[in-house]
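Everything on this sheet refers to the single structure shown next.
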Amino acid sequence: MKSPREIVEFLKEVQEELKKVTWPSKTLVKNATIAVIVFTLLVSVYLWSLDLFFSRLISLIMERLG
C-alpha cells in the first residue's frame, strides 16, 4: 500500500498535469453533443426501417410457405 506522502505527491502531479490540458470550449462541446445525438437518431431510424422491412418480408414468405 502506498504511504500518505506518496498519495499526496501523486495528487499534486495530477493537478499539475490537469493544468496543461487544453479543454474544449463550451460551444465545441455543445456542437459535438448535438452531432452525436442527431447521428444516433439517424442510425436508430435506419435500423428501425431495416427491422420493419425484414419483419414484413419474413411474414410474407411465411404466409406463402404456410
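Read-outs: derived from the displayed coordinates by stated rules, not from any lab. A quick note: this is a predicted structure, and the numbers were derived from the prediction, not measured. Reconstructed Cβ throughout: ideal geometry from the backbone, glycine too, with neighbour counts over all protein chains shown.
At a glance:
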read-out	value
Tail fraction, Cα-Cα pairs, the chain, threshold 15 Å, whole percent	76 percent
In degrees, nearest ten, helix 4-20 long axis to first principal axis of the chain (Cα)	70 degrees
Those lysines that a straight Cα-Cα span of less than 18 Å connects to residue 12, excepting residues fewer than 8 apart in one chain	2, 20
Lys/Arg +1, Asp/Glu -1 at C-beta; the chain dipole; positive extreme among 39, 27, 60	27
Point-to-point label distance, residue 35-residue 8, nm (Cα→Cβ direction, 7 Å offset)	4.4 nm
With Cα atoms, 0 to 90° folded angle of helix 26-65 axis to the chain main axis	30 degrees
